[in-house]
């Protein structure tokens, strides 16, 4: 899957699974912080996102410390998934 | 030889290998022991320190919410590891802030990396949004350049720099369990350690604590106790407060440096390492079972997060969550009984 396709898929998953109904994929910048004020997501949402990453991409994030840098933005998550899938 | 120096004028960088870890206490011990010629993984430190635990204490409040704990109390792992591996550690505590910083500089000048207890909130290298008032955060100071300290903070991927004023504030943070300038360094490590004996002692202690706790909030009983209480939260507390109680458990389980699933994944990694050391590959099977138990805890956390965020389906309710917890309790009881049976007596 191309990086752009992967990013689009990640954005759609975030919107649908974290119930961000009033947000369009275009509203999520590739480098926007996922957690914090902009989208109103917090560490409790991170648990769901970790599950969805495993469910959709087969990439398991066992340790939240390891996952924290990966979950910063769509770009970091894309890089993390790509790296894990290639190893 | 002790080198004398002027205050604040030392320039020192001890060659210290930094490794990131899931948890600060286990990470610091692992890094310090490795520096002193006793390479040991974080998982092994956690295991030998008998870190695995469960406790639900509704009468102890953290941020006004009941406390749940997935590991033994802070400091307990270090104490046990050093005792079981016969590592001598020197602890120092200070009232005078300046003296605390001076003695730290002295140790650095002696090429001794120093562990410090700190209040994480005051450490300048912590991003603002990750700062919280926790006064038992461990780190290693391994150098000083000008008035900045070089720090190996095990929860960060790389070594960091902290100003003298921030570190001083962090070492003397006020509030609950203040660190009071506490610092420690390793004085000696034995030439040979009896790892099998240390492992056996630690495993037996975990099994005892988790299976035979005399009070209902601790160990496997504690997991069942939480399940029983949780079922009644919505009617007793209302949906909103029940969500806050759930959120607190998720944070303690998944977020506070647990390595995932409330330290269950770290303990699984420990059991995996134990197999070749005790030359008993039944530990590998138990490691896999512990990972599965961690997955059950994760399933609980996922359902709990959906309830907190009002994303849960009708079947993902408090009764279902309580059932998952009971299943975790049952699996942990079986595993720990099996673990106790195959672990040699010391």
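Please treat every number below as a calculation from the coordinates, not as lab data. Not measured: the values here are computed from a predicted model. Every residue, glycine among them, receives a Cβ derived from its backbone with ideal geometry; neighbour counts consider all protein chains shown.
Tabulated data
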{"item": "Cα principal axis extents for chain B, largest first, Å", "result": "67, 48, 32"}
{"item": "C-alpha center-to-center spacing [region B:232-250, region B:313-346] in angstrom", "result": "22"}
{"item": "Nearest-ten-degree value, helix B:219-237 long axis tilted from longest Cα axis of chain B", "result": "70"}
{"item": "Projected label distance in nm at residue B:83 and residue B:62, using a 7 Å step from Cα toward the beta-carbon", "result": "2.3"}
{"item": "Using alpha-carbon coordinates, inclination of helix B:282-308 to the longest axis of chain B, degrees", "result": "80"}
{"item": "Residue mean of other protein chain beta carbons inside 10 Å, A:40-51", "result": "6"}
{"item": "Stretchable slack from residue B:205 to residue B:147, in nm (0.36 nm times residue separation minus alpha-carbon distance)", "result": "16.5 nm"}
{"item": "Whole-Å semi-axes of the ellipsoid equivalent to region B:34-125 (Cα gyration tensor, √5λ, descending)", "result": "28, 22, 11"}
{"item": "Virtual paramagnetic centre 7 Å along Cα→Cβ of residue A:37, amide N under 11 Å, in region A:63-87", "result": "none"}
{"item": "Whole-Å semi-axes of the ellipsoid equivalent to chain A (Cα gyration tensor, √5λ, descending)", "result": "18, 15, 12"}
{"item": "Region B:170-260: projected area of the alpha-carbon convex hull, averaged over directions, in nm²", "result": "10.1"}
{"item": "Computed lengthening from residue B:345 to residue B:102, 0.36 nm per intervening residue step minus Cα-Cα distance", "result": "82.9 nm"}
{"item": "Cα-derived Rg over Rh, computed across the protein assembly as shown with Rh taken as Kirkwood radius", "result": "0.98"}
{"item": "Long-range Cα-Cα pairs in region B:199-249 (distance over 14 Å), rounded percent", "result": "61"}
{"item": "Ellipsoid semi-axes in whole angstrom, largest first, where each is sqrt(5λ) of the Cα gyration tensor of region B:50-193", "result": "25, 22, 14"}
{"item": "Rounded, prolate or oblate (a/c below 1.5 giving rounded, otherwise prolate when a/b exceeds b/c) for region B:219-320 by Cα gyration tensor", "result": "prolate"}
{"item": "Residue order, fewest to most beta carbons within 10 Å, for B:230, B:321", "result": "B:230, B:321"}
{"item": "Span from the region A:1-77 Cα centroid across to the region B:162-226 one, whole angstrom", "result": "34"}
{"item": "C-alpha center-to-center spacing [region B:65-93, region B:95-129] in angstrom", "result": "19"}
{"item": "Gain upon complete extension [residue B:188, residue B:323; 0.36 nm per residue less C-alpha separation]", "result": "43.8 nm"}
{"item": "In degrees, nearest ten, helix B:239-250 long axis to first principal axis of chain B (Cα)", "result": "50"}
{"item": "Sequence of B:291, A:82, B:343 once ranked by neighbouring C-beta atoms within 10 Å, starting from the fewest", "result": "A:82, B:291, B:343"}
{"item": "Average beta carbon contacts from partner chains per residue of B:242-254, 10 Å cutoff", "result": "2"}
{"item": "For chain B, calculated [θ]222 nm from helices alone, where every DSSP H run of n ≥ 4 adds -39500 (n - 2.57)", "result": "-15500 deg cm²/dmol"}
{"item": "Sorted by Cβ density within 10 Å, fewest first, the residues B:131, B:298, B:117, A:68", "result": "B:131, A:68, B:298, B:117"}
